[in-house]
Structures are given as structure tokens and as C-alpha cells.
Amino acid sequence: MRLQHDLKQKKYNILFTTLKGTLGNISTKLLLILITTLTISFSVGQVSAEQSIQASAHKLKSDVVDLNRALFKLEEELLYPADTQVALFLSLKTKSKFLLDSIEIKIDGKIATTYLYSEAEIKALEQGGIQRLYMGNISSGPHKLTAVFNGQGANDHYFRKEKSFNFEKSNRSKFIEVSLSDSQKIEPEFKFTEWH
Amino acid sequence: MIRHSLSNFPRNLLVVGVTFLFLTVLMPSFCIAKERQEPLPAHIAKGLMLFELYKGDYFDAIIRSPDTTTEQLTLDLAHSLSEFGLNDQAGQFYDQLQSTGTAESKSIAYFQLGKAAYNRGEWTKALDWFNKPKSQLSKDMLSELHYYQANAYIKLKQYTKAAAILGKMKEGAWASYAYYNLGIAYSEIDSEPTRAIISLRVADALNTNKVASLAELKDQTLLAAGYLSIQAEDYEKALSFLNQVRVDSDLASKALYMHGVANSSQERYRAAIQSWYRVKKYPLINPGVADAFLAIPFAYDKEGYSSKSISSYLEAISVFDKESRNIDIIIAAVLKNGARSTFFGKSALDDIEWFLSDSIATNTPKVAYLKYIMSDSQLHQLAKQSIELAFLDENLSLWEHNLSVYDEMLKQRISGYYQRIKKADTSSRAKRINNISNEASKLKISLATAEQTQDVLSVAAGRTLRRLESVKELDKTLLKIKKDISPREFDDLKQRIKRLDGLVMWEASEQYERNLRLTQETLRVLDKEVERYKKGLEKFEGLIAKGPVKLESFKKRVSNFKKKIIAKKQELNVVRKQQDKALTEQVITVLQAKKIEFVAHHETAQQRLAHLYEYVAMVQHSNKQRAANRSKQKKASRGGAK
């Protein structure tokens, strides 16, 4: 702050000396008024331009948010119609007893998605966030979902656990929640819940 | 005829069945699908938003926020909006909560509204919100509230009230920042820095130093404390503060320079020179580096090393000169390409031959300049805004691309639809169904005739008819072998064949009633099916006549969104240009100020060098004179002795 103040002072001194030399006859008071007026008008112009940019940027942000909300809905309707839509979600109900490292999801034996977690993502899940692991399309009828969890359980025990879940796809959207929760054992409990 | 028609009956039914299958398989793909997107279960919708919010992706949190809202969700959404910079929208939610929410929500709303007022520079209004009764605020939020409350009092120059609030705070980032601000505020008003130094020491003690930002704050606190101690002429204390600043800190160059100042103030010039030599390794734009270049020759001069002092001044002059030219190059590049592309993209700055080839800084001088520019608060805000606008541009470009892909996909699907309609050839299907219908009518007439004439064979089962055919074959065979067998044998066989014929006819007459009923029933079913197929075909034709409604509706929506995105991008480009102009102007102002500083340093070095030359010349002159006087005296004394 102080350094900047000194700098400004130096700038004004140089400017003032130069102007004083050039316009020797003009009284110092008049010169000061002129400089002050110029500075104020320049600053006011700059501030109003910045405010206008700020207002435009604000409006654009708001519009882009609205557009994105509508576009995500359109995209979902277009790419994942209800009669073929399947979505998988992951929730974590744990008190840091285990650390999820990665997850692999297979549908009917084919890999649908794999995910490697960052610390921030694990924290977000622990705080009550739910991650959309996968969204895709499958045909009506019976299907098999397999989830492979890799992580570190209690006592630094490394685990790799595979769990399967059979479900029936109807003409309605199929939502499946995979939840991990604390258990009495070293490894966490895995649960699948179907919605629709 | 009747027999033939009725015997063809199963084949006709097969044709009708195949047509039916065709219709049932084909139709759904053309039909307007009645399926609708299912809403997500409420807890999943909420969880998806929270996942983004807790990750710090506020934009995605807003996008994912569910339509149905609870008080907690409103708070979360308002928080996301505020973090994303949509303060007005966030303010509306907080306003609503502060009047209708629960005690906890009200407390949060008061605090957030106060923070918004604080950010607008409305200190008194901010304090009005901060001072409203609060309950159930989380520990973290309470610390943040105290920080803002104390700062607002500092801004209003009510230091005692600020200090009283700080007294309530516990160890942590907010407390450390708050005490630092108080220390700086004291240093600006006090002629004697003790109070400021104490505040800074408390700031340092409360700093847990756990994350990078706190380590930086610690460096800043120590540097400020060192600076104030030097002002108070307490050099040892200053050195103890400055020694703790990390060598890889952005403030290391300034701390080393101040370290040298503390030493030189105690006339320990050698130690000072050592510190300042270390400063020389940093980019010249860094705080304290230019000062060190001027301080080194001064210290050499004080130590009596005039020649070293001269060479150091010459080095400083050359460095300042070169850096001024570098700034000119940067200003030219910024003027030509704009600040955004000069500093954030590949630019002419990358090719500048910097004087610090042996820089110990882990980053490039371009980064050093960027850091210097970013230390200007106004520029920092503009740069932040520039990054936000770039993010919006990226987002819109991505959607533009995706929508183009969807548009093309839908175009192909719609054209595919018409091709499939062409292949479906519904008129020929209708013709075939009509043929089947005609055949069924003929069969009905034949059946009615058979019923009237009591023609038992018309409705006889296939097995009975086959048996009758076999009996006739036997009779024909018997006629062929008549001449080869005896008349008795012939008569015997003829009788047996006649009996067989009678048996078959008896079987047919026995089953006549049953067979008649079955045929009538089959024809009724056929009638019904034909009618159903006809209706199905009519419905199908009705549907395809309307065209691919859903696909067309999707295409229309996609096209509309694409237009909106393109328009928004154009709007954004205009704002980005204005913003880049403002950023460029501010960058140039800052750079020109820095150039003036370097020019001033350059002039100072030249003046000091001139004085030094003058002094050295005078000393040499006086030495010469003294030597000449001495030799004169010697000569005179020798002459006297002789």
C-alpha cells in the first residue's frame, strides 16, 4: 500500500514538474483545478464503462445459467428417452471409516464407466453429495449391473469388492442408487436401490 | 371350388399374420412416443446439486439445482449463486429467507446480506446486518462473520470496536487475516508502530499455516512486522521477523532487501551486500529487486570500495535501461494483441531476451510480470472477470458444437423416417389386406351354398378328404389291373372299395355339423382380424401422414436453442472486446507506472554515479596534490640540509 502510495506520489511529482515548466505563467491553483477535473472526469468515465461491463457480464452469466439448465433437460430427453434410459448414482454414508479410491461399473458384462476419485470429490460425497456415475440407454428386459469398488477400509485394509445386481428395465426411466455405508466389518456395506 | 378355397384357408391366415407382424413391428418406430422423462427422486436431485456445491463447482451446482425447493436448498442455491457472482439473484433468496426463514436460515441470510453490502463498500449497512441477532451459525461461518464485522469497523476507523470483536475469535485463517488487517490499519494511523507490530505478531501466532494461502499470509505478516520494526529502528527484531519469510515466497525478494536494509542501518554493510546480492537473482519486477540494485553500490561506497561501487552502478544502469526497453516491448505487445492474449496466450513476451538468465525463480519473467500485474486489485478483478467471460465463451461454444451435432442427427433421422415410409409401401399392404378380405367373402358364400346343399365334403376335415382321395386312387388302380385279374377277384375288390368309400362318406357326414361350426367360427375370426388389420393400417397411415412429429419438435427446439446460443455468443464477444479493452488500458497504466519507476531508478543511478566519479576525481586530485606537496616539501628539506 505504502509502496504504491509512494509510487503515485512520484508520478504526480514528475507530471507536476513537467507541466509547471511548460505552462510557467498559469497559476498553480488553476493548474491543480485543471488536473483534478481531468482526473475526475477520466475516472468517472472509466468507472461507468467498468460498471457497464460488469452489468453486461452479470446478465450474460445469468442467461448462460438459464440456457444451460434448459439445454441439459433437452439433451437428456433427446439422448436418453425414458423407455431406454438408465442412470446410476453413487452416495456415501460413512464417517471416513474407509476411503473410496475408484469404481468400475459394468452393465451386462460390458464396462459402462470407470471413475477415479479425487480428495475433493470424496469429501463432497461424505458431506451428502450424490454423484451421477453413468447415464445411458438399454433395452427393455432383464439386465445385470456389476460394480467393482476399490478403496481402503478400516485398519488401512485395501479392498476390491465386486457386487452384482439384477434389474428389469421397463418403458419407464430406470434410476439405480449405489450406496456405500459403514459396517461392523473392515469393509463397508454396498447397497443397490432401484427407483422406477 | 369350395373345397379348393377352404383348403387354402390356413395359407391366407399366414399372409394376414405376416402383415400384422409387419405392422406391429414397424409401427412403434413411427408412432409418437408417449414416454416422458421421469423426474429424479427428490433426495437424488438434491444430492447431485450438493456434490457440485461441495466440490466448489458453483456453476454446475446452479444448473443441477432441483426445481422443488426446501429452505436448505434455497440456502444452498443462494450460496452457489453468490459464489458464481450472481449476487443479485442470491440477494433475492437471502432477502426472502431473512423474513420467512427459520432462526438458523435467518442468521445465515443476515450474514450473507451483510457480506454483500460489505463487498459493495457499504460499511454501515453491512454492520447493520452483521449486528442482527444470530443463532446456530456454524463455527466456520461465525469466524467469517467476525472477520467481516471487524473489517467493517476498521473501514469506519472504529478500531476499538474492531479489536473487541477480534478478541472473540479463535485460532484460524479468518482470525489471522483479521489481525493482519488491524495491524496494517494501526500502522497507517500510529506514529509509533508498537501497536501494529503486536497485532501482526498475534496474526502470526493465530496462523495455523496449514495451507498455501495461510503460508503466504504468514510471509506477508512477517514482512510487514519487519518493515515496521525497521521504521521503529529495532533492527534485531526486524531481522528476526524477516529471517522467517520463506525463500520460495513471492515476497522473498522484498524480505531479503529489507534484511539488507536492517543490516546496513546498523552499518553492517558486508552483511547487507550479501542479502542484496541474493535479491539480484529474482526478476527485476519483483518487489525490492530494483532497490537492491541501487543499494549495493551505496553499501560498497560506504565500505570504501569505490571501484566496486562504480561497476555496480554501471550494472544497475544497464539493468534498468534494459528493463525499461523490455517494458516498452511488453506495452507494444499488449497494445497490439490486448492484455488477455499477451499474458494468457502465446505472445511476443515469450521471445523477449530477459536479462536474468540465471534466475533462481522457478517461473519465467513473463510470470513475474503477470504476478506483478495481478497484485493490482483493480486488475485482479478485471482478470477474474476476463476468466469468467472466457468460461462462458467455452461453455457456449461447446453447446453450439453439441447442438450442431444433434441438429444433423435429427435431420438424418427425419430423412431416414421418410425413406422407411417409402419402403413400407402401405398401399400394397392395403391391397393385400383387401384381397384377403375378398377371399374371405368368397369363402363365406361357398360355405353358405355348402350348407344349403348339405355338401358334407365341403367342410370335411383334411384327413377325411385325403382318405377319400386314396379310395379314388384305389378305384382307378383297380380299373387298370382289371384285365390281369379274374372277374371274381375284381368284383370282390370293387365291393371292398365301395365299402371304404361308404365309410369315408359316413365319417364326413358324421363330422359335418362339427366341421361346419368350426369353419364358420374360423371365418368369423378371420373377418375380425381382417377388420382389425384394416383399422391398424388406417391408423398407421394417419400417423405417417402427420410426419415424424416428435423428431420435428426436437429439431425445432434444437434449432431455436442453436440460434439463442449464437446470439448469446455474439453478445458475449462484444462484452469480451470491451472487457479486454478495459483490461488492456489498466495493464498499460500499471506498466507505464512501473516504467516511470525504472526510469527514475535509472536517473538516480546515473546521478549517484556522476557524484561518485566527481568524488573519486576530487579524491584523486587531492591525493595528487598532497603527493606533489609532499615531494616539494621533501625537496625543500633536502635543499635546506645541503
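Worth a mention:
- You can think of it this way: the chain between B:K442 and B:N131 has 102.2 nm of extra reach, that is 0.36 nm per residue less the Cα-Cα gap.
- Taking B:R467, A:R160 and counting other C-beta atoms within 10 Å, the order from fewest to most: A:R160, B:R467
- With neighbour counts taken as other beta-carbon atoms within 10 Å, the residues B:V587, A:V86, B:V574 rank, fewest first, as B:V574, A:V86, B:V587.
- C-alpha long axis of helix B:377-424 to longest principal axis of chain B, angle in °: 10 degrees
- Binning all Cα-Cα separations of segment A:127-187 at 5 Å, short to long from zero, yields these whole-percent fractions: 4, 12, 21, 21, 18, 11, 8, 5, 1, 0.
- Placing pseudo-labels 7 Å out from each Cα toward the beta carbon at B:L518 and B:L314 gives an inter-label distance of 12.6 nm.
- Here the label points at B:S559 and B:D475, each 7 Å from Cα along the C-beta direction, are separated by 7.6 nm in the simple model.
- Two-site FRET efficiency, B:K168 against B:I588, from Cβ-Cβ distance with R₀ of 51 Å, rounded to 0.05: 0.65
- Positive-end residue of B:P66, B:A117, B:L50, charge dipole of segment B:48-139 with Cβ unit charges: B:A117
- Arranged from fewest to most other beta-carbon atoms within 10 Å of their beta carbon, B:W174, B:W123, B:W129 become B:W123, B:W174, B:W129.
- Working from Cα pairs under 8 Å separated by at least six residues, relative contact order for chain B is 13 percent.
- Computed about the Cα centre, the dipole magnitude for segment B:149-282 is approximately 260 debye when only Lys and Arg (+1) and Asp and Glu (-1) carry charge, each at its Cβ.
- The charge dipole of segment B:264-312, taken about its Cα centre with unit charges on the Cβ atoms of Lys, Arg (+1), Asp and Glu (-1) only, comes to about 200 debye.
- Taken as Cα centroids, segment B:544-573 and segment B:404-470 sit 43 Å apart, rounded to the nearest whole angstrom.
- Most positive-pole-ward Cα, B:G547, B:Q592, B:S637, against dipole of segment B:518-642 from beta carbon charges: B:S637
- Tensor-based shape of segment B:187-265 (alpha-carbon gyration tensor, a/c under 1.5 rounded, otherwise prolate or oblate): oblate
- For B:S427 and B:V525, a Förster radius of 35 Å and the Cβ-Cβ distance give a FRET efficiency of 0.85, rounded to the nearest 0.05.
- The distance linking segment B:268-293 with segment A:66-122 is 55 Å (Cα centroid to Cα centroid, whole angstrom).
- Charge dipole (Cα centre; +1 on Lys/Arg Cβ, -1 on Asp/Glu Cβ; no other charges) of the protein assembly as shown amounts to roughly 1500 debye.
- Between A:Y115 and A:E189, full extension at 0.36 nm per residue minus the direct alpha carbon distance yields a gain of 24.7 nm.
- Spacing of the two label points (7 Å from each Cα toward its C-beta) at B:N434 and B:A617, in nm: 12.2 nm
- Taking the longest Cα principal axis of chain B as reference, the axis of helix B:426-453 is set at about 20 degrees.
- In the protein assembly as shown, taking the dipole from charged Cβ atoms about the Cα centre, the farthest positive-side position among A:G129, B:A262, B:N337 is held by B:N337.
- The gain in end-to-end length when the A:D108 to A:L78 segment is fully stretched comes to 8.4 nm, 0.36 nm per residue minus the alpha carbon separation.
Every number in this text was worked out from the coordinates using simple rules, so none of it is lab data. Quick caveat, the model's predicted, so the values are computed rather than measured. Reconstructed Cβ throughout: ideal geometry from the backbone, glycine too, with neighbour counts over all protein chains shown.
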